[in-house]
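Everything on this sheet refers to the single structure shown next.
The values are calculated or read from the model by the stated rules, or taken from the named source; none is laboratory data. Quick caveat, the model's predicted, so the values are computed rather than measured. For neighbour counting, all protein chains shown are included, and Cβ atoms are generated from backbone atoms with ideal geometry for every residue, glycine included. In case anyone asks, the SASA skips ligands and DNA or RNA and just uses the protein heavy atoms, side chains included. Shrake-Rupley method; radii C 1.70, N 1.55, O 1.52, S 1.80 Å.
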Amino acid sequence: MMREFWHYFRNGLLGENPVLKLMIGLCSVLAVSVRVENCLGMGAAVIFVLTCSSLVISLIRNFVPNEVRIPIFIVVISTFTTIVDLVMKAYLPPLSKAMGIFIPLIVVNCIIMARAEAFASRKPPLLAVADALGMGVGYTLVITAIGVVRELFGYGEILSHPVFPRAYQGMMAMILPPGAFLLIGISIALLNWSLKKVKP
Amino acid sequence: MKNILRVALALTVVCVVAACALSVVHVVTKEKIAEEAKKELKEALGVVFPKAETFTPLDLAAFGTLPESKDIQFLEAYEAQSGGERQGLVFKVASTGYGGPIVLLVGVDTKEGKITGLKVLEHQETPGLGSNVAEAGFLSQFLGKSLESPFRVGEDVQAVSGATISSRAVARACAKVAEIVRGEGR
Amino acid sequence: MSTEILTLFKIIVSAAFVDNIILARYIGLCPYIGMSSSVANSIGMGMAVTFVMVLASIVTWVLWNFIFVPLGLEYLRIMVFILVIATLVQLVEILLKKNVPNLYRAMGIYLPLITTNCAILAVTFLGVDYGYTLLQVVVYSISVALGFTVALVLLAGIRERLRLARVPQFWQGYPIVFVATCLLAIAFLGFKGLVK
């Protein structure tokens, strides 16, 4: 059981990384990754929603009639999304403000729906959680990596602490949309390249 | 028939459970959210008028006809008090910048006729250029400025480089606030 | 009256071009990448999105202003809006299949993909957040959908050309698509500051 757990956890990190391999959940990756702080917040929110809804969906998978499974998944996912939204508004207002509409949009983050449909609704709870955690952490790693590059070159700071000398003028392109698109393209190309190298 | 009942039952149960869970979270977080919003406003007001302890909301109608144009809008007004005595006024103004309205607080010391502070609350200016008008480096040049100054970019206000329109929007907000306060004093 | 028309015009330009939902706001990227392999596909997807987006924003606007705000149920918004969209998509699919088979053939296969299209949910949220009137919401959703379609068709055109180009091995597929998107986004930056 434990080995299986690790197998599915690692699957989400690299082999089937939701962002770079499956090309899902991109919107929030690009929109939020201007600051590392926002990336970590978004990653935590996604991990929470993904894990909780995968667990619940896996637990109720035998009671859910097949015809209405999609609406039921939607209700479960949106419940956890609303919880995250309200809790963030109450306890982390600046972070919630910075991410704005992208917190409610977690509900349509394709990663969560895709994992619910393809994995959680077919597997026992423990494995569903393993898969959800793997996917969530894989998502967080990618978004944070992009966030580090964008904040470092865009503002010359990491987590709002200056890294470069004061004279450094931020690279605007990194903060604006084009830089985000370019960076994600480079990341996918790098991942393709590294996977090719590891597995000849 | 039996199948329909099963489907309906499953949907109902899930929805009821979800709604209950959300209501609980809503009740728990509601007050905290309202409190945070209040605290945030109080902090912002404190930044633009550090000398005052209490702020009471005022009716904007009390200032007569306000300059309503598409470039500038007055949203709220507060009276800044210290020791129960009126020290000055704080206005919440929306001034149109490059990417949309820049919403900012402008604090005015009515006794000395000076700007006490500025704080940008919301803006959609270009990150890295126009967004710099929200930084202390730009806003500090307004501190202590007399209400009689022209508040014109290029004359007494230094624009953020590459963001003249955003800088003008902030200067315009100050100019209009100054105009109203001067009008009220007479 | 004229100021009202001017406001509508501003909404159109800013929603379709300045704040293009894909290239400036990063919303709706999944269908943007997934459905842009050919111009014909992208037009079908654009039509389907336009249709559902307008319907969804009208329904959610009415629900929001006449039920949720008066009853103080704002916190149920995420759940109800997404359910409304899902129901609407199903309904549209059934109706089209029965009554307008031609249109169904043109955009039917894209409809199921729309439920999880974040662009639609985002537009319903933004429509009520901006405090628009019903007419403004309709205009707003049409303009956003127009901007979405324009971006989709532009990228599809580029991708059709890219198929004939020699791309370095590791850049083939998605990476080069994102580089093309980057250039498109730079072009759309030129619209910034157009609306005052």
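Summary of computed values
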{"item": "Residue count for the range C:100-148, restricted to those that are touching a residue at least 60 places away in the same chain (Cβ under 8 Å), polar (S, T, N, Q) and open to solvent by 30 Å² or more (accessible area, probe 1.4 Å)", "result": "2"}
{"item": "Yes/no for residue A:119 being among the aromatic types (Phe, Trp, Tyr), open to solvent by less than 40 Å² (accessible area, probe 1.4 Å) and part of a helix (DSSP H, G or I)", "result": "yes"}
{"item": "Any hit, the range A:134-154, residues being more than 10 Å from chain C (Cβ to nearest Cβ) and not in a helix (DSSP H, G or I)", "result": "no"}
{"item": "From the options A:70, A:74, residue that is open to solvent by less than 40 Å² (accessible area, probe 1.4 Å) and assigned to a helix (DSSP H, G or I)", "result": "A:74"}
{"item": "Failed item, numbered, when residue A:183 is tested on (1) away from chain C (no Cβ under 13 Å); (2) over 16 Å from the mean Cα position of the chain (by Cα); (3) in contact (Cβ under 8 Å) with a residue 12 or more places away in the chain; (4) closer than 26 Å to residue A:88 by Cβ", "result": "(1)"}
{"item": "Unique residue being within 14 Å of chain A (Cβ to nearest Cβ) and among the basic types (Lys, Arg) when the list is C:77, C:105", "result": "C:77"}
{"item": "Complete set of residues in the range C:65-76 that are open to solvent by less than 40 Å² (accessible area, probe 1.4 Å) and at negative phi", "result": "C:68, C:75, C:76"}
{"item": "Restricting the range A:13-67 to residues that are open to solvent by 60 Å² or more (accessible area, probe 1.4 Å) and within 14 Å of chain C (Cβ to nearest Cβ), the residue that is nearest to residue A:114 (Cα to Cα)", "result": "A:22"}
{"item": "Selection within the range A:155-185 - more than 12 Å from residue C:182 (Cβ to Cβ), touching a Leu at 6+ places or on another chain (Cβ under 8 Å) and either assigned to a helix (DSSP H, G or I) or small (Gly, Ala, Ser) (or both)", "result": "A:172"}
{"item": "Residue in the range A:84-93 that is more than 18 Å from the chain's Cα centre (by Cα), surrounded by fewer than 23 Cβ atoms within 10 Å (Cβ to Cβ) and among the β-branched types (Val, Ile, Thr) present", "result": "yes"}
{"item": "Flag for residue C:54 being free of Cβ contacts under 8 Å to residues at least 40 places away in the same chain and closer than 25 Å to residue C:94 by Cβ", "result": "no"}
{"item": "Any chance residue A:111 is surrounded by fewer than 22 Cβ atoms within 10 Å (Cβ to Cβ), modelled with pLDDT under 85, in a helix (DSSP H, G or I) and touching a helix residue (DSSP H, G or I) at 6+ places or on another chain (Cβ under 8 Å)", "result": "no"}
{"item": "Matching entry among B:75, B:45, B:41, B:66 (being more than 8 Å from chain A (Cβ to nearest Cβ), touching a Phe, Trp or Tyr at 6+ places or on another chain (Cβ under 9 Å), under 30 Å from residue B:183 (Cβ atoms) and modelled with pLDDT under 85)", "result": "B:66"}
{"item": "Subset of the range C:27-64 [aliphatic (A, V, I, L, M), within 20 Å of residue C:126 (Cα to Cα) and not in a helix (DSSP H, G or I)]", "result": "C:27"}
{"item": "The range B:31-62, subset among the β-branched types (Val, Ile, Thr) and assigned to a helix (DSSP H, G or I), residue surrounded by the most Cβ atoms within 10 Å (Cβ to Cβ)", "result": "B:48"}
{"item": "Hey, residue A:160 within 9 Å of chain C (Cβ to nearest Cβ) and surrounded by fewer than 22 Cβ atoms within 10 Å (Cβ to Cβ) or not", "result": "no"}
{"item": "Filter result for residue B:122 (charged (D, E, K, R) and within 14 Å of chain A (Cβ to nearest Cβ))", "result": "yes"}
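Conditions (1) on the phi > 0 side of the Ramachandran plot; (2) modelled with pLDDT of 85 or more; (3) buried (at least 18 other Cβ atoms within 10 Å of the Cβ), marked per residue:
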{"residue": "C:3", "(1), (2), (3)": "no, no, no"}
{"residue": "C:6", "(1), (2), (3)": "no, no, no"}
{"residue": "C:15", "(1), (2), (3)": "no, yes, yes"}
{"residue": "C:22", "(1), (2), (3)": "no, yes, yes"}
{"residue": "C:38", "(1), (2), (3)": "no, no, no"}
{"residue": "C:56", "(1), (2), (3)": "no, yes, yes"}
{"residue": "C:91", "(1), (2), (3)": "no, yes, no"}
